[in-house]
Amino acid sequence: MIKVSVVILNWNGEELMKKFLPSIVEFTPKDIAEVVVADNGSTDGSVEWLKSTFPEVRIIILDKNYGFTGGYNRALKQIDAKYYVLLNSDVEVKEDYITPLYEMAEADEKVGVLMPKLLSQKEPNKFEYAGACGGFVDSLYFPYCRGRLLGDTEEDMGQYDTPKEIFWASGACFFVRSELYNSLGGLDNDFFAHFEEIDLCWRIQRVGYKIMVNPKARVFHLGGATLDNTSPRKLYFNFRNSLYMIHKNARKERLYGIIICRMIIDGFIAVAYLLKLQPKYFVSVLKAHISYYKNIPKLSTKRQLMSKKVTKKYKFKGVGKGLVILSFIPFVKNSLRSIFSK
């Protein structure tokens with residue numbers, strides 16, 4: 001069995017691979033890890049380029065684009081490794097990024113998932129939006145990061161250079177025990193993309209494993225390479241999948257209170273899009289809610305199946321008491337950042 005399999009999901013990403021894959025191949029330690037590209041039904045020349053340029057990289061060909069979740073789930077079934085690393089195709093590395101994560105996982109069998117420090121590829125002195133230095137959620141399960149609140153990313157000055165238990169790890173570089181991943185069914189295929197890593201981390205915590213960030217490992221993430229941050233489709237997935245995730249995992253006594261609060265907040269956000277003359281975004285929020293209502297029976301079934309795997313209540317780490325949407329208020333932002341430093 002291979003110790004670590006670094007798996008990059010590709011869909012029509014020839015230019016991204018030309019830019020970023022050389023550094024991945026160079027700095028992935030060959031004594032413990034392999035690099036695999038899983039192609040999600042590309043129609044460009046990326047597979048041909050990969051075969052001719054990096055023949056040592058294993059390629060898994062999928063017949064069509066199954067999205068982030070479906071693509072990884074299908075590809076990982078064909079890989080026999082102790083640990084998987086789900087690595088975005090728009091990630092650059094400048095040093096060994098695997099060994100610090102591997103050594104931490106080997107030292108503690110209760111560490112289920114790890115992530116490195118995530119820095120911006122465009123501005124290497126700043127944290128990157130998609131995960132920064134570890135993911136948290138607030139009291140209504142809005143996600144935020146150690147180093148990023150809403151759209152505000154901090155400069156990396158070493159302020160978060162200690163390993164820390166967190167709530168979720170970024171899907172840009174997601175190091176996970178394969179046995180644990182497979183036993184929980186992997187990423188939820190119904191998510192397609194976005195929030196799927198938070199959902200999986202939540203489930204992993206529910207069965208008693210830890211989610212950690214190890215800042216000794218660093219990667220540089222471009223971000224927005226698959227779906228632009230301003231895409232109505234991305235907005236739809238974000239609103240829909242956050243409701244999916246909460247319905248599947250929140251404790252029974254809190255579930256419907258949280259859902260009602262989230263829907264009220266979503267309603268205000270949708271109206272704000274209308275007032276700003278952005279009807280496409282308004283429609284995205286509306287479609288997300290309709291999809292949630294339609295899928296409540298299916299989500300409830302998933303909730304029941306997951307509950308059978310949980311033997312006791314687990315005390316979650318990385319759950320804040322405030323509301324991240326209020327972090328534009330200075331004292332709220334400071335209180336959230338104080339959590340990171342502890």
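The values are calculated or read from the model by the stated rules, or taken from the named source; none is laboratory data. Please read all numbers here as calculations on a predicted model, not as lab measurements. Cβ: placed from backbone, ideal geometry, glycine included. Neighbour counts: every protein chain shown.
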Exercise for review: Return a yes/no flag: does segment 148-162 have any residue that is in a strand (DSSP E or B), touching a Pro at 6+ places or on another chain (Cβ under 9 Å) and under 26 Å from LEU21 (Cβ atoms).
Suggested key: no
If we keep only residues of segment 18-46 that are closer than 17 Å to TYR66 by Cα and over 25 Å from the mean Cα position of the chain (by Cα), then the residue surrounded by the most Cβ atoms within 10 Å (Cβ to Cβ) is ASP44
Going through segment 84-125 in order, the residues found to be more than 14 Å from VAL219 (Cβ to Cβ), of a type outside the set (A, V, I, L, M) and in a strand (DSSP E or B) are TYR84, GLY112
Open item on the list: Condition check: touching a Ser or Thr at 6+ places or on another chain (Cβ under 9 Å) and either buried (at least 20 other Cβ atoms within 10 Å of the Cβ) or over 21 Å from PHE220 (Cβ atoms) (or both). Does VAL7 satisfy that?
Closed with: no
Test: residue in segment 28-35 that is closer than 22 Å to VAL213 by Cβ, part of a helix (DSSP H, G or I) and in contact with a strand residue (DSSP E or B) (Cβ under 7 Å, 6 or more places away or on another chain): no
Determine, yes or no, whether SER300 is part of a helix (DSSP H, G or I), touching a residue at least 40 places away in the same chain (Cβ under 8 Å) and surrounded by 13 or more Cβ atoms within 10 Å (Cβ to Cβ).
-> no
When segment 163-186 is checked residue by residue, the ones that are crowded, with 23+ Cβ neighbours inside 10 Å and outside any loop (DSSP other than H, G, I, E, B) are ILE166, TRP168, CYS173, PHE174, PHE175, VAL176
Taking first residues from segment 54-67 that are hydrophobic (A, V, I, L, M, F, W, C) and part of a loop (DSSP other than H, G, I, E, B) and second residues anywhere that are at pLDDT below 95 and surrounded by 15 or more Cβ atoms within 10 Å (Cβ to Cβ), the pairs with Cβ under 7 Å that are 6 or more apart or on different chains are none
Of the residues in segment 225-279, those that are modelled with pLDDT under 95 and among the acidic types (Asp, Glu) come to ASP228, GLU253
Within segment 74-83, the residues that are in contact with a strand residue (DSSP E or B) (Cβ under 9 Å, 6 or more places away or on another chain) and in a loop (DSSP other than H, G, I, E, B) are GLN78, ILE79, ASP80
Reported set for segment 278-296 where residues are without any contact (Cβ under 8 Å) to a residue 24 or more places away in the chain and either touching a Phe, Trp or Tyr at 6+ places or on another chain (Cβ under 8 Å) or not in a helix (DSSP H, G or I) (or both) is GLN278, PRO279, PHE282
Picked from segment 315-342 (must be exposed (fewer than 14 other Cβ atoms within 10 Å of the Cβ), in a loop (DSSP other than H, G, I, E, B) and in contact (Cβ under 8 Å) with a residue 40 or more places away in the chain), the residue farthest from the chain's Cα centre (by Cα) is PHE328
* Would a scan of segment 235-243 turn up a residue that is surrounded by fewer than 17 Cβ atoms within 10 Å (Cβ to Cβ) and either touching a residue at least 24 places away in the same chain (Cβ under 8 Å) or within 16 Å of the chain's Cα centre (by Cα) (or both)? -> no
